[in-house]
Amino acid sequence: MKIFIDTANLDEIRKANEWGIIDGVTTNPTLVAKENKDFKEIVREIIRIVDGPISVEVISTDVEGMIKEAVEMSEWSQNIVVKIPMIPEGLKAVKILNGRNVKTNITLIFSVNQALLAAKAGATYVSPFIGRLDDIGHDGMQIVRDMVNVFKLYNFKTEIIVASIRHPLHVIEAAKAGAHVATIPFNVIEKMFAHPLTDIGLERFLSDWGKVPNR
Ligand code: E4P
């Protein structure tokens, strides 16, 4: 499973990228707004840091507007993937953008049917938001499991990005489900490192090494 980092924070992206575990980046308008910086500048810097797919979202909700934004953003780098909302106009845009070789990530997916439609339209990626489903009492990960099965059954090329990840267990479940990608917030990546036995073990090794004569 590929790991994308779900943030527009450059320090977080730099740090995680240095760990050698980052295959790509996803942003959204909310994440960008948190940074209080010029959008284009943020994306240009992300492009410099990470050599992999970088999702940036359109703001328009009509086909012409989405295509205009998407084409402009795709010219910034061949790694740009344009996030398009899961609405009928969005799927129309995907079909047209495919013809122009612009990669797309259909965002705000909350059901297998939505993912099926996005895949039929030829989206490069679909992003099911599992945390937001859990928040309203649904089993978010179940739609990922079902999507993986349906996409396999019909040999869709569209990749599934598990999004809206809230904690490390979501990552494990995404991997077990066979998702292509998990896009993970920085704080969750940090938690994935942590294990008390690692800390205790390292402490013991270092202290025992101190007892070795003539080291
Ligand atoms: C990523 O593509 C999504 O925009 C993001 O994971 C949404 O996460 P949230 O539900 O925590 O806002």
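Quick note: the coordinates plus some simple rules give every number you see, no bench work behind them. Owing to the predicted nature of the structure, the values given are computational and were not obtained by experimental measurement. Every residue, glycine as well, gets a Cβ built from its backbone with ideal geometry; the counts of neighbours run over all protein chains shown.
Overview of results
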| item | result |
| --- | --- |
| Fewest-first sequence of F151, F110 by Cβ atoms within 10 Å of each Cβ | F110, F151 |
| Taking the chain and dividing mean pair separation by its residue count, relative contact order in percent (alpha carbons under 8 Å, at least six apart) | 17 |
| The range 47-64 - phi-based ³J(HN,Hα) in whole Hz, Karplus 6.51/-1.76/1.60, Gly and Pro as x | 4, 5, 7, 10, 9, x, x, 10, 8, 10, 9, 7, 9, 5, 10, 10, 4, 4 |
| Convex hull volume per residue in cubic angstrom - Cα atoms of the range 88-152 | 73 |
| Spatially proximal lysines relative to K95 (Cα-Cα < 17 Å; intrachain offsets below 8 disregarded) | K68, K83, K103, K120, K157 |
| The range 2-209 - convex hull of alpha carbons, volume per residue in Å³ | 135 |
| Size of charge dipole - the chain - debye, nearest 20, with Cβ of Lys, Arg +1 and Asp, Glu -1, no other charges | 520 |
| Ranked by how many other beta carbons lie within 10 Å on average, peptides 29-36, 83-90 from highest | 83-90, 29-36 |
| Long-range amide H partners of K103 with built H, under 5 Å | V82 |
